[in-house]
Amino acid sequence: MGKMKKKYESGEGARYITRNRALKYLQLTLKDFRRLCILKGIYPREPKNRKRAQKGDTSIRTLYYKKDIQFLSHEPNIWKLRELKVIYKKMCRAKSLKEKDDVVKYRDRIPLLKLDHIVKERYPTFIDALRDLDDCLTLLFLFAAFPKTGKVPEKYVTFSRRLTVEFMHYVIAAKALRKVFISIKGYYFQAEIKGQSVTWIVPHQFVIDRGHYMDVDFQVMLNFVDFYQVLLGFVNFRLYHSLNMTYPPTFPGYSAVDSEKNLVDEEVYASERIASLNVDLARVGGSVGEDEEEGIDEFPMIEDQEQLEELKKKAEQVKTQKRLFKGLKIFINREVPREPLVFVIRCLGGQVSWSKTTFIGATFDESDETITHQIVDRPMVDKQYISRYYVQPQWVFDSVNACELLPVEKYFIGAVLPPHLSPFQSEHKLDQYMPPEELALQDPEMAKQLDEVSGDESSEPGEDDIEGGSCDEDDGEVESDQESDEKMKQNVEDVEEGMDELEKERQRKKNMMSVKAGKVVPADPYASKKQEREDYRLRVTMIRNKHRKLYHSMVKGQKKRKTEAWLLRKKRTRYEEEQSQKRKEQRREQILAQAEAS
Amino acid sequence: MTKTDNLSTEERKGRKRVSKKNKIAWRKHCSTKDVDLYLEEVRHEERVGVNFTTVEDDKLFYVDTSLNSEEGVKSKAERKLEAKKKLKGVPKCFEALVPHTSVPDPVIKRNRVRTPEERKHPIKKKIEAYRKANGILTAKERIAANNRRIHKIKKENTPKSCEFTKDLWAEAPPKYPEVDFQWLHPTTRGHVLKHTRQIEKKVPESVINKTSEVPAIEAPHPGVSYNPSYLDHHSLLTGIVEKENKLIKEEKHIDRVTTKLFSAVTERQTHSSWIKEMSQGLPQTKEGPVKEEDDGKEYQAVNLPTKDKKKPRKTRKNIRLAKEELNQRKLKAIEKKKVADIYKLKKIVENVEKDELKSLEKQAQIQKKNELKKFEPKRLAKLKFEEYEEEFSMPFDLSGSLVGLKPEGNLLRDRFMSMQKRNILQPTVFQRVRNLGKKKAFTKRSHKEEQK
């Protein structure tokens, strides 16, 4: 008989370790352990069978993978954390004894945790890092907006600000911005970097107050920021080099050595100008051609023509979006939030400026006659130039989302703005009913139609833009070719009934011998569709039993949603018809009234 | 002092005259308070200075006429000079060394102590000068210089924050020159690689994989736009109202099931019930004296002691045989059923198929559930994750312009909760005040005595 097997030495019982045991294993305090876990990307896990994972204990404990903890123990920074513990203890003592020199001495000894290798470990490729950038950007943009005095150490704020500004400069240079959305929470931005869509939120100005620190464990967030700062730094480095830009960023025409003016702080001089987002950054080896024209390669891999068409269309859209504001000169009034607007306009190739007194980096004055648009967010402006449009800021954001310059009339000063719709569509919404206004946001053609409808009131609305009911179309209405051929033959026979048999015979033979001109058999337009449908049906029957029920419930849901959408659309058309009828009647009455009056 | 004082006053109350015949008696009955006071005053004056009340006003004050005269307005240079003069006085850090009494130093003449440099032997001085001139270092100096050099190198090599000077994802050059392992034993190879740190610990997959399918930034509801369309905003608000109603309903349910189950009890009732409970088993007084329960029967314990009664051998045998027979009968029945089942094969197959179908359905359900579970927060700690309220703006807060925008929500908390939702952080109760432990108060021994 072999050795008796002990319980929990293999399987789930051996795979997990409780937090307390992990602390003991690593000889760290809870605070340090938490910090290390956040830096290394090791998170607690939920076991499949808790009782087994906790070796018989049924209470709910925080569990980690044992392998993860073993991996943690190989981290070189763990030694620094242990050192830190000692230093903090000494520093605390010196502080309580009010020995300031000692406090300074110990503070200088605090080692810096080196995180480069951790970034590489967690994101083996650059694309991995880009994929996980959402969290990082949002947190750093938030920290950059914190006041420097307060609970957040100043270095966090300034460093976060520097990194985020650098990132924004990259997005501007690469023209990577795709979507913008102003919510009550903040500005949502979405950029496409190396094929990855990166989304982040920028808080509104002046929203951060004391309440912001109250609800969360702030130390934890600082640990995240520590890691994300390093991550974004390296990402920025690589992104800048991909565009041949120098990192850390400088702008051409500025060099710290040459400047003859005796500046108090040259670094601040440069960083302020860079933070204005209104300067092109210096590049190595001259500037790259601004518009790299990249056509979509004809991939033989993609067989589906429709898909290819769609891709091409998208690429075209992106191309137009990239130079949407090219050639426009936009002036921003002082009441409008400067940074998001400058960022968006510059991303799409526009020229921006603002009043010199609001911020550094203004390039032209309000009195410049070449300005095409001025962005204003107040009911009236005293002095107006004829040569430019005065529009509200939403025009910029809506134009970006629509991928075209929207008509300015709706966005004039004092106008009631059209709703600002979200460009972030969740997938489940695709089946649902969308009002024509929302459809217009996605499809520019629809927008034109809508404009026509709204512009030309007398025309019948809703006739062209509304599709037929989406209920199943009738199938198999088409007469087949064979049938028609047979009919023709019969007719011929009827005519020649009275002829002799011989003649008939001869005729028949002659007919057989004769060569008729070839007819083009009209291709059945529905044949391919029919075939597809049949294939589809076949596939449905071939569904494995395992998934059948799931499939049916899916189909049922789809059908339900479709009918709902159809119903709503129907309602809408009816409503619009009624409205137009009303309008017509009103107009008729008006005309009658006028006629009577005259 | 106080003791004698007290005594003397008592004495005075008792007797008017006391004999002061002896020295002891004199001391005992004579008050020295005035003398002591005087002496203390003198000592105090010595230490601190003369009492102001005794000094004439002319010596204390003088009439300030400087403001009126031109000299009073001092130039900047003068003011600076004065400040310097003030600085020349004893610095604050040495104030403790200055005598705080005006009592003169009892030691009249003090010798100056020579510095260690002055005390040094002239020959040693000469040797040191020679060494310095020729650049000869002592062992101590040599070690110190070396340490300084090492420290400098270390300082230069320590990484600085805020500096990014390399492409992290570019292929790094090998740290050490490559070794030709062709002729080496595999163990040697392993050893070399390990100790030249060329083998790096393999990163577990759990670190690279994501903990949840929920995206870091979820698509915002179109109703949270600063200028939403009516439909979107309405749908957002209805969603929130629904959630709130659900919460209220649950709260009501819990209230109904717990607190409302029990009727309120008055204080009197609780008291009476307490009395009743506490007097359980005691002889009751109101109903008269409790009779001793004496039924004439013998005393019997509640749990009777068990007896080990063994069944006789014969009965045991019978039981065993009966059991065996039963088992055999069962086995026979099973065998019989096996034969009969051949004719029921069709039915059995049907049943099996039905069961399989059922299990398949169940599996599909489980799969569906598992797919959904990927988006749900997991149970990582004692506390369960709770969804936080979404941001929304009331209709009257929507101004329709960017200037009048009223921001809502807390982005930091939003991030924090999102991390909890994605299983990155475990849900915890945030402690605002640090728990410093219980404090136990006690009085020092010295204070205890005084209290007595």
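A short reminder: the numbers here are calculations on the coordinates, not readings from a lab. Computed from a predicted structure; not experimentally measured. As a convention, Cβ positions derive from the backbone with ideal geometry for all residues, glycine included, and neighbour counts pool all protein chains shown.
Details
- Per-residue average of Cβ from other chains inside 10 Å of B:361-374: 2
- Mean Cβ neighbour count within 10 Å, used as a protection proxy, ranking B:327-334, A:178-185 highest first: A:178-185, B:327-334
- Cross-link pairs exceeding 19 Å in C-alpha to C-alpha distance, out of A:LYS329/B:LYS406; A:LYS175/A:LYS319; A:LYS100/B:LYS80; A:LYS194/A:LYS314, comprise A:LYS329/B:LYS406; A:LYS100/B:LYS80.
- 20 Å-binned pair-distance histogram of the protein assembly as shown (Cα, whole percent): 7, 23, 26, 21, 15, 7, 2, 1, 0, 0
- Cβ neighbours within 10 Å from other chains - mean over A:183-192: 5
- Using a simple spin-label model with pseudo-atoms 7 Å out from Cα toward Cβ, B:PHE442 and B:LYS120 lie 5.7 nm apart.
- Between the stretch B:179-250 and the stretch B:364-443, the alpha-carbon centres lie 17 Å apart.
- Listed pairs A:LYS31/B:LYS440; A:LYS31/A:LYS114; A:LYS120/A:LYS322; A:LYS5/B:LYS201 exceeding 25 Å between Cα atoms: A:LYS31/B:LYS440; A:LYS120/A:LYS322; A:LYS5/B:LYS201
- Scattering profile of the stretch B:379-431 at q = 0.14 Å⁻¹ [log10 I(q)/I(0), Debye over alpha-carbon scatterers]: -0.51
- Point-to-point label distance, A:ALA282-B:PHE181, nm (Cα→Cβ direction, 7 Å offset): 4.6 nm
- The mean sequence separation of alpha-carbon pairs under 8 Å and at least six residues apart, normalised by the residue count of chain B, gives a relative contact order of 15 percent.
- Compared with the alpha-carbon gap, the fully stretched path from B:THR238 to B:ALA96 is longer by 43.7 nm at 0.36 nm per residue.
- FRET efficiency for B:HIS195 and B:ILE143, using Cβ-Cβ distance with R0 set to 30 Å, rounded to 0.05: 0.55
- Taking 0.36 nm per residue of separation and subtracting the current Cα-Cα distance, fully stretching the chain between A:ARG82 and A:GLU578 would add 170.8 nm.
- Residue-averaged beta-carbon neighbours from other chains (10 angstrom radius) around A:54-64: 2
- Cross-link pairs exceeding 18 Å between alpha carbons, from the set B:LYS210/B:LYS378; B:LYS337/B:LYS358; B:LYS160/B:LYS194; A:LYS66/B:LYS369; A:LYS3/A:LYS51: B:LYS337/B:LYS358; B:LYS160/B:LYS194; A:LYS66/B:LYS369; A:LYS3/A:LYS51.
- Each residue in A:THR199, B:THR165 was given a count of other beta-carbon atoms within 10 angstrom of its own, and listing them fewest first yields B:THR165, A:THR199.
- Length gained on full extension, B:SER19 to B:ILE348: 105.2 nm, using 0.36 nm per residue less the C-alpha separation.
- Pairwise FRET efficiency - B:THR259 versus A:GLU310, Cβ, R0 = 35 Å, nearest 0.05: 0.05
- The stretch B:310-441: C-alpha gyration tensor shape, a/c 1.5 cut-off, then a/b vs b/c: oblate
- Summed side-chain charge close to B:SER212 - residues other than B:SER212 whose Cβ falls under 15 Å, Lys, Arg +1, Asp, Glu -1: +1
- Sorted on the mean count of surrounding Cβ atoms within 10 Å across their residues, most packed first, peptides B:398-411, B:236-249, A:104-117 read B:398-411, A:104-117, B:236-249.
- Report note on the peptides B:123-131, B:437-445, A:166-174, B:422-430: ranked by the mean count of other C-beta atoms within 10 Å, highest first, their order is A:166-174, B:422-430, B:123-131, B:437-445.
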